[in-house]
Amino acid sequence: MAWLRDGNEPTENIGFEFRYGRRYYDQEAVLGLHTDVEIKENKDAFGTGVTLSLGREFGEIYIRQNFWFYEDKTFYLTNLSLEGNDIIQTNYLAPLSAKVPVRSKARLFSVKNAKDPRVLYVPFDNDMWTRFCAQRTQDCGGSYEVTAIFDDASRHGYVIGSIEHDAWKTGIETHGNYGFVTSVLVYGGAASAKTRDSRGGHGNVCGKCVTSPKMFVGYYEDIRSGLTDYGNANTIICPPLEWDGGTPFGFNSFAGLAGRISYAAYEKTSDVMLELENLGFKNRDAVYVNFDGDWFLLSDEELRKAVELVHKRGQKAGIYFTPFACCWLKDFDKEVPYTNGKYVYRDILLRDEDGNILPTVSGSYPVDPTHPGNIMRVEGTMRYFSELGFDYLKTDFMSHGACEGVHYLSDITTGIQAYNYGLSHMLGILKECNKEKPFFVDFSIAPIFPYQYAHARRISCDAFGEIEDTEYMLNAMTYGFWENGTIYRYTDPDHVVLYQSFDKPVISENEANARLLAAVISGTVLLLSDDYQNEEAVERTKKMLRPEYLELARDGEAFWPVEMAVGDGASSMFVREKENVIYLAIFNYSRGKRTIPVDVKRISTKLGAGALFVSADGKRRYDGLEFEIPLEEMEAVLLSCRVDNDVARG
């Protein structure tokens, strides 16, 4: 089949692949077989259009390809199913398999007149300081859940990805030559070290009808709009977790305090947060004062006292948990909390088909989300946190819950099924225990999908205060900005260090400003993290919190990258339009001076030669269609430009 967008080259030779029994098959296996063709009008949540179904009998099973095409949409949807009278088991279904024949001049997902075509690598999760990467076509390889094939100069391109996340991990394999892609394979059944799966393949999906994830294939004039459209398409199938409490402002203890957390340090932090609130560091849903992973160093009495303290002050309290991972476990025979002695940790750890406990991932053992011992552990912990009065939960090492393995519940046969099962239970308990108040859920290290169990997800792995941390976090924002306001209400830029992380030297004011501005443009969950028992950290924080930053942060909307062909780096410029003002954030990630060239037409098509960009203090002013911005080492600046009729005519 072929699918053609005006102005681009035909995308031909699109087929499918699947595994049945012990063998793998592709489109050639059904050549010559009779094809049942069904075309009918369709109207669903995506719009009005037609569906095309292609069915073929193949031995004992029936293979069905489905396509959904919509009026006034630049995308189509597709999936592949195997149907039979008996139970079918398969761990591989690829509804889209496209290859360029040898010596053919055909092109796959080609952008006409592309100057620098790229293929986007999207990591499965954000563990181990993984990075997104816009690879050149000759260097492209795999991606997880979604990819983009695009030309950064024109911004034209394709978005391809899964929009269903109930059973499968989706893999996307691309290969290419200089300037063009030669093969694309999109499939349910990905399992590798990059999905944190160390043994065996993807689990089997079972039933009399087994269906692949529904895939999204779209072409866009601006790839950034395409990625956002893809994010929204997911939410049509499964709505995100709603939140109307406003962008969280506050504090997280890890970077600033880590293992030095104590009741005294928490009380001092609450004191400082009150001072900062008086300086404008607050949002309509109050300020959160959050414990991280070392909260267990406090006694039950101290935890209760801490929550009561901040509540009396009109603040809110946050806590931390790893529902699907045992961190730094040494004693496998230690009793699992809240199980009344019925289970020890070796009982709840996830195992492979040979009964072996899975190895650690990031130092932590994966737990079986379906095991009754872990169900009791999670439920007991959620009830404990709720009874103490906490308002915010940060969950960490979530990918462990999606690992492939043999689960206690035999009808759960894949990692994603188990992950959904465990999260549905955890969120259900939180809702039951907090009917009278909002409770914010923030994923830390976690897969991008599924998403419907959290209000926010950290966009990257741990990010502290140095300029390298800022660049690393903004790599994820460069290519993952679309997660904000679509699948998650907020994208979390991690704790914001403005003075000193617990195990690092004091950072410069330029680094601190860059880290804060990066957090502001990220979407955001604005949680500071310093040791406020140090008065220098308090004074630095007061100095850094600029009113224009806080105003933008309250909106909870991510900026878009100006450039996306930066490999595994980060864009130097990010843009956002708010009402009739265009904001431009510019970063120098180097430890030396740098000059950033600006092409106004790349910033916004609404701007002309009369555009004037100014900083909030008025000290920086730039006009014209092109200009250069000199930056000191590790410096970042925020500029704004009003859009009016005079500028538009310029």
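The numbers here are math on the coordinates, done by the rules we state, and not lab data. Please read these numbers as outputs of a predicted model, since none were measured by experiment. Neighbour counts run over all protein chains shown; Cβ positions are idealised from the backbone, glycine included.
The alpha-carbon of LYS593 sits under 27 angstrom from the alpha-carbons of these lysines, leaving out residues fewer than 8 places away in its chain: LYS504, LYS542, LYS543, LYS601, LYS619.
Rounded to the nearest whole Hz, the Karplus-based 3J(HN,Hα) values (6.51 cos²θ - 1.76 cosθ + 1.60, θ = phi - 60°) of the range 382-398 follow the sequence 5, 5, 5, 4, 5, 5, 5, x, 5, 10, 8, 10, 9, 10, 10, 6, 6, with x at glycine and proline.
Quickly estimate the mean residue ellipticity at 222 nm for the chain, helices only: each DSSP H run with n ≥ 4 gives -39500 (n - 2.57), and the total goes over all residues, rounded to 500. Walk me through the numbers on the way to the answer.
Details: 12 runs with 138 residues, N = 650.
Counting only the DSSP helices, I get -6500 deg cm²/dmol.
Of the two radii for the range 70-210, the radius of gyration is 1.00 times the Kirkwood radius, both from the alpha carbons; that is the Rg over Rh value. Scanning residues 5 or more positions from PHE58 or on other chains, those with amide H under 5 Å from its amide H are ILE63, with H placed 1.01 Å from N in the peptide plane. When THR595, THR78 are sorted by how many other C-beta atoms sit within 10 angstrom of their C-beta, beginning with the fewest, the order is THR595, THR78.
What is the Rg over Rh value, at two decimals, for the range 486-586, using alpha-carbon atoms and the Kirkwood definition of Rh? Show your work: numbers first, answer last.
On the way: Rg = 14.5 Å, Rh = 14.6 Å.
Ratio value, two decimals: 0.99.
Per-residue Cβ neighbour counts within 10 Å put PHE216, PHE180, PHE150 in the sequence PHE180, PHE216, PHE150, beginning with the fewest. Computed on the range 249-557, with alpha-carbon pairs under 8 angstrom and 6+ residues apart, the relative contact order is 18 percent. For LYS73, the aspartates and glutamates whose Cα comes closer than 12 Å to its Cα, not counting residues fewer than 8 places off in the same chain, are ASP229.
Between amide H atoms placed 1.01 Å from N, distances below 5 Å from ARG457 occur with PHE443, TYR490, ASP492, all of them 5 or more places distant or on a separate chain.
Full extension of the segment from GLU633 to ALA153, taken as 0.36 nm per residue of separation minus the current Cα-Cα distance, would add 170.0 nm. Binning the alpha carbon pair distances of the range 473-519 at 5 angstrom intervals from zero yields the distribution 5, 20, 22, 22, 13, 11, 6, 1, expressed in whole percent.
Taking a ≥ b ≥ c as the square roots of the eigenvalues of the Cα gyration tensor of the range 84-126, is the shape rounded (a/c under 1.5), prolate (a/b larger than b/c) or oblate? It comes out oblate by the Cα gyration axes.
Restricting the calculation to Cα atoms, the range 573-649 yields a radius of gyration followed by a Dmax of 12.2, 40 Å. Computing Rg and the Kirkwood Rh from the Cα coordinates of the range 249-557 gives a ratio, Rg/Rh, of 0.97.
Find how many whole Å separate the alpha carbon centroid of the range 446-467 from the alpha carbon centroid of the range 25-39. Centre-to-centre (Cα) distance: 42 Å.
Looking at the range 150-221, the GluC sites (Glu not before Pro) that sit in a DSSP loop and have at most 15 other Cβ atoms within 10 Å of their own Cβ are GLU221. Evaluating 6.51 cos²θ - 1.76 cosθ + 1.60 at θ = phi - 60° for every residue in the range 432-441, the Karplus couplings come out as 4, 7, 10, 5, 9, 8, x, 10, 8, 10 Hz, glycine and proline recorded as x. Sparse packing (at most 13 other Cβ atoms within 10 Å of the Cβ) combined with a DSSP loop state is found for the following GluC sites (Glu not before Pro) in the range 23-74: GLU60, GLU71.
Go through LYS214/LYS431; LYS268/LYS316; LYS578/LYS606; LYS40/LYS208 and tell me which ones have a Cα-Cα distance over 19 Å in this structure. Too far apart for the 19 Å limit: LYS214/LYS431; LYS40/LYS208.
Could you tell me the relative contact order of the range 427-569? Use alpha-carbon pairs under 8 Å, at least six residues apart, and round to a whole percent. Don't skip to the end; give the middle numbers.
Details: 238 pairs, mean separation 32.1, N = 143.
Once divided by the residue count of the range 427-569, the mean separation gives 22 percent.
Summarising the label geometry, the points placed 7 Å from Cα in the beta-carbon direction at ASN340 and GLU242 lie 3.7 nm from one another.
Please list, by residue number, every one of the GluC sites (Glu not before Pro) in the range 428-537 that is coil in DSSP and has at most 15 other beta-carbon atoms within 10 Å. Present the calculation step by step, with values, prior to reporting the outcome.
Values: sites: GLU432, GLU436, GLU466, GLU468, GLU471, GLU483, GLU509, GLU511, GLU535, GLU536; in loops: GLU436, GLU466.
The qualifying sites are GLU436.
Under 5 Å between amide hydrogens, built in the peptide plane, is the criterion, and for LEU393 it picks out ILE319, PHE440, VAL441, ASP442 among residues at least 5 positions away or on other chains.
Among THR137, THR35, rank each residue by its count of other Cβ atoms within 10 Å, from fewest to most, as a rough exposure measure.
Values: THR137 21, THR35 12.
Fewest to most other Cβ atoms nearby, the residues stand as THR35, THR137.
The string of couplings for the range 324-337 from the Karplus curve (6.51, -1.76, 1.60, θ = phi - 60°) is 10, 9, 9, 7, 6, 5, 10, 10, 5, 9, 6, 5, 7, x Hz, one whole number per residue in order, with x for Gly and Pro. The eigenvalues of the Cα gyration tensor, multiplied by 5 and square-rooted, give the range 180-242 an equivalent ellipsoid with semi-axes of 26, 19, 14 Å from largest to smallest. Once you charge only the Cβ atoms, +1 for Lys and Arg and -1 for Asp and Glu, what is the size of the charge dipole of the chain about its Cα centre, to the nearest 20 debye? For the chain, the charge dipole is close to 760 debye. Using a cutoff of 8 angstrom between alpha carbon atoms and counting only pairs six or more residues apart, the relative contact order for the chain works out to 11 percent.
Rounded to two decimals, what is the ratio between the C-alpha radius of gyration of the range 456-545 and 2.2 N^0.38 Å? Please report the intermediate quantities before stating the final value.
On the way: Rg = 12.8 Å, N = 90, 2.2 N^0.38 = 12.2 Å.
After normalising by residue count via 2.2 N^0.38 Å, the value is 1.05.
The Cα center of the range 207-277 and the Cα center of the range 574-650 differ in position by 28 Å. Considered as an equivalent ellipsoid built on the Cα gyration tensor, the range 134-207 has semi-axes of 26, 14, 10 Å, the largest given first.
What translational diffusion coefficient, in µm²/s and rounded to a whole number, does the Stokes-Einstein relation yield for the range 27-104 at 37 °C and a viscosity of 0.692 mPa s, taking the hydrodynamic radius as the Kirkwood radius over Cα pairs?
Values: Rh = 14.5 Å.
Answer from the Stokes-Einstein relation: 226 µm²/s.
Treating each Cα of the chain as an identical point scatterer and ignoring solvent, apply the Debye formula and state log10 I(q)/I(0) at q = 0.07, 0.09, 0.11, 0.12 Å⁻¹. Log-scaled intensity ratios, in q order: -0.47, -0.78, -1.14, -1.31.
Starting from the alpha-carbon convex hull of the range 414-485, give the projected area averaged over all orientations, in nm².
Details: hull surface 24.5 nm².
For the Cα atoms of the range 414-485, the hull's average projected area reads 6.1 nm².
Rounded to whole Å, give me the distance from the Cα center of the range 115-147 to that of the range 51-65. The range 115-147 and the range 51-65 have Cα centres separated by 33 Å.
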